[in-house]
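As structure tokens, the structure follows; a few thoughts come after it.
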Amino acid sequence: MAHFVIMGCGRVGVTLAHTLEDSGHFVAIIDQDDRAFRRLRRDFSGRKVTGVGFDRDTLERAGIEEAYAFAAVSSGDNSNILATRVAREQYHVEHVVARIYDPGRAEIYQRLGIPTVAAVRWSADQVLRLILPDHARIGDFREASGRLILGEITVHEGWYGHALTDIEEVAGVRIAYVTRFGQGILPTPKMRYQQGDVLHAMMPLAKESEIDRVVSNAPATSVEEEL
């Protein structure tokens, strides 16, 4: 069981809270207006914290120091980004995501290393993919035989500047598309992995653990020398 902190008890925040709790995780949800907690189901057993989501006292009451992940899904872009930065930079929460309403800001936030989700219909699903443990195994697509799965892969920052084809060769995957600055783009032979990129790869289901092990480490010296 992991501990998750959610900022914003609107429709997306409630969906996240219920889904995570149903999956056996502990949830703390923050909102400035305690009336917002009425949206939660009656048997919700998580922690309800009234306060400003980027305030340290509020975050600590929500258990941010023990959090596996933090999701800021309130109605304010600035508040979401500020709270996410506090969670990551001051409390070192590794898995963070911020919901935004202005897609024009996506590039700025991605360069800060903050994953963002646009305010679209599937916001809750997208946030879950970014904060759930082993979220890549949920998969975006699985072909008929069940042997291949399309999902996100988390690549070590040591690969920044390396060609995507190098990652494919070492990991034994095929990168289907890249989410960069909030937009999906098809990879080209000369495209290189850069900070903020989210890679979506087709991979053999049976080799997911091996692939995770390879891409979660910095590239070997031999790969660096080839560049």
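The values are calculated or read from the model by the stated rules, or taken from the named source; none is laboratory data. Quick caveat, the model's predicted, so the values are computed rather than measured. Cβ atoms come from the backbone with ideal geometry, glycine included; neighbour counts cover every protein chain shown. These area figures cover heavy atoms from the full protein model, side chains too; ligands, DNA and RNA do not enter into them. Shrake-Rupley method; radii C 1.70, N 1.55, O 1.52, S 1.80 Å.
So here's what we get for this one:
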| read-out | value |
| --- | --- |
| Sorted peptide list for 7-20, 39-52, criterion being average Cβ within 10 angstrom, highest first | 7-20, 39-52 |
| Cα centroid of region 46-72 to Cα centroid of region 8-22, whole Å | 14 |
| Rg over Rh [alpha-carbon atoms, Kirkwood Rh] for region 1-104 | 0.93 |
| Region 37-83, accessible surface, carbon-and-sulfur percent (1.4 angstrom probe) | 42 |
